[in-house]
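Participant: Starting off with a structure, shown below.
Read-outs: derived from the displayed coordinates by stated rules, not from any lab. Since we're looking at a predicted model, the values are computed, not measured. Cβ placement follows ideal geometry from the backbone for every residue including glycine, while neighbour counts extend to all protein chains displayed.
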Ligand code: DI6
Ligand code: FE
């Protein structure tokens, strides 16, 4: 006997690239939190009454893998609506950052915030993501930039897993900006990141992967390389904010270190695409940041597609460049702004998002042996998920085989 069985559902398994993996009138059997059987209902190994302890009837709604937000800065203090107004009156994101605003202003707010307040604010931002069927979220540090505050951010990220029905993947992003106490000494700060901050955070068991911001207004490829070498000493996978505002060759560097992903990528070169393809590095596109900053340069989607680089989409939820808490909106923007197909957009928040977090073997698609994390949607066809703006058709979220959210 299985623990549970879902019938009368249409399924998009996302198991094959370039395809929804449709199973119309399908069934999903669940055992010990995993999928033990999936296929057309007519091929079930017996009458539905005798197969599982609990039978769920889906009223012919659609089922997809649960969503995965593979790039967020969900934990942060304060907000930056003032900068939004500055940008609307003509200042650029880079100008504001150079003048000491931007990431640095969130660093001040995050350092000033208590752990309980940071957690409460992050949980409020998490709520709409969970309501859209997110069961895995990546959360970066990078607004603490000293040991005490980087640890504080990462502890809050871990605490989220105990307070909400999500799995959290933590990412150490101390190489996000130079803090005021290292003004004019970015190399000195990178030494501090590699010698003190990373080992300190790893020692507390708070780091799943390592990221950096490679950009003219942030850190050079040579500096990022030192952070990646430090990550290697701890056997931690790496990823990179690369080619967001200019082409620095970050994607090639990331590929050289076998990075799980390179993220943003508006200025990615043809050589960068090839390097990523060769290394199996996922391209994480962040249309919320492109939109919010009013960027005009598009990531090279046709080239990524042509070279077979897996494309993921994420919210980049952060107070500066992407104050967004919706993956459905990221899917819509991925299609409308970047030219993804709805099939690619769905794969981008399921199958390829799992790969971007190194979780591709157990999550992101609906296949036997994978986590029984899936969403039930009140839609007539899967393209509706990317098509609507500001409407959430999620009716139920199943996590490890158990309903966690019913709307
Ligand atoms: N790129 C981003 O989009 C975020 N970080 C980064 O390196 C923005 C962070 C912020 O503006 O607070
Ligand atoms: Fe980011």
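Participant: If packing is taken as the average count of other Cβ atoms within 10 Å, what order do 3-9, 236-242 fall into, highest mean first?
Facilitator: 236-242, 3-9
Participant: How many nm is it between the label spots at residue 336 and residue 256, if each spot is 7 Å from the Cα in line with the beta carbon?
Facilitator: According to this spin-label approximation, the distance is 4.0 nm.
Participant: Considering the chain, what Rg and Dmax in Å follow from its alpha-carbon atoms?
Facilitator: 21.0, 71
Participant: Zone of residue 183 (label point 7 Å along Cα→Cβ, backbone N under 14 Å): which residues in the range 71-99?
Facilitator: Only 98-99 fall inside the zone, counting backbone N under 14 Å.
Participant: Based on the Cβ-Cβ distance of residue 92 and residue 1, what FRET efficiency does E = 1/(1 + (r/R0)^6) give at R0 = 56 Å, to the nearest 0.05? Write down the numbers at each step before the final one.
Facilitator: On the way: r = 61 Å, r/R0 = 1.10.
Efficiency computed from Cβ-Cβ geometry: 0.35.
Participant: Determine, for 344, 380, the number of other Cβ atoms within 10 Å of each Cβ, and report the residues in order from fewest to most. Could the numbers behind the result be given before it?
Facilitator: On the way: 344 25, 380 12.
Lowest to highest Cβ neighbour count: 380, 344.
Participant: Do you know the relative contact order of the range 337-384, to the nearest whole percent, from alpha carbon pairs under 8 angstrom that are 6+ apart? Display every interim value, and only then the final one.
Facilitator: Numbers: 27 pairs, mean separation 13.1, N = 48.
Relative contact order comes out at 27 percent.
Participant: Which of 266, 150, 24 moves most in a GNM of the chain, Cα contacts under 10 Å?
Facilitator: Taking springs between Cα atoms under 10 Å, the residue moving most is 24.
Participant: Sorted by packing (mean other beta-carbon atoms within 10 Å per residue), highest first, where do 133-146, 214-227 land? Intermediate values should be presented prior to the final figure.
Facilitator: Numbers: 133-146: 27.4, 214-227: 20.1.
The packing order, highest mean first, is 133-146, 214-227.
Participant: Post the alpha-carbon centroid distance, the range 219-294 to the range 311-330, in whole angstrom.
Facilitator: The distance from the Cα centre of the range 219-294 to that of the range 311-330 comes to 18 Å.
Participant: Something else about it: Order of 107, 284 from fewest to most other C-beta atoms within 10 Å?
Facilitator: Values: 107 24, 284 31.
Arranged by neighbour count, lowest to highest, 107, 284 become 107, 284.
Participant: Applying 1/(1 + (r/R0)^6) with R0 = 56 Å to the Cβ-Cβ distance of residue 147 and residue 49, what FRET efficiency is obtained, to the nearest 0.05? If you can, show how the numbers build up before the last one.
Facilitator: Values: r = 59 Å, r/R0 = 1.05.
Calculated value: 0.45.
Participant: In the chain, what percentage of the DSSP-assigned beta bridges are antiparallel, given to the nearest 5? Don't jump to the answer; show the numbers that get you there.
Facilitator: On the way: 26 of 58 bridges.
Restricted to the chain, the bridges split so that about 45 percent are antiparallel.
Participant: Which residue fluctuates the most in the chain, going by a Gaussian network model with Cα springs under 10 Å, if the choices are 354, 52, 289?
Facilitator: Highest fluctuation of the listed residues: 52.
Participant: I've got another one for you. For the range 182-218 and the range 15-31, what is the separation of their C-alpha centers, rounded to whole Å?
Facilitator: 42 Å
Participant: Under a GNM of the chain (C-alpha, springs under 10 Å), which listed residue has the highest mean-square fluctuation: 37, 377, 62?
Facilitator: 37
Participant: Follow-up. Based on other C-beta atoms within 10 Å, arrange 375, 210, 301 from fewest to most.
Facilitator: Ascending number of Cβ neighbours within 10 Å: 301, 375, 210.
Participant: Right, another one. How high is the relative contact order of the chain? Use alpha-carbon pairs under 8 Å, at least six apart in sequence, and give a whole percent.
Facilitator: On the way: 960 pairs, mean separation 77.6, N = 407.
Relative CO of the chain lands at 19 percent.
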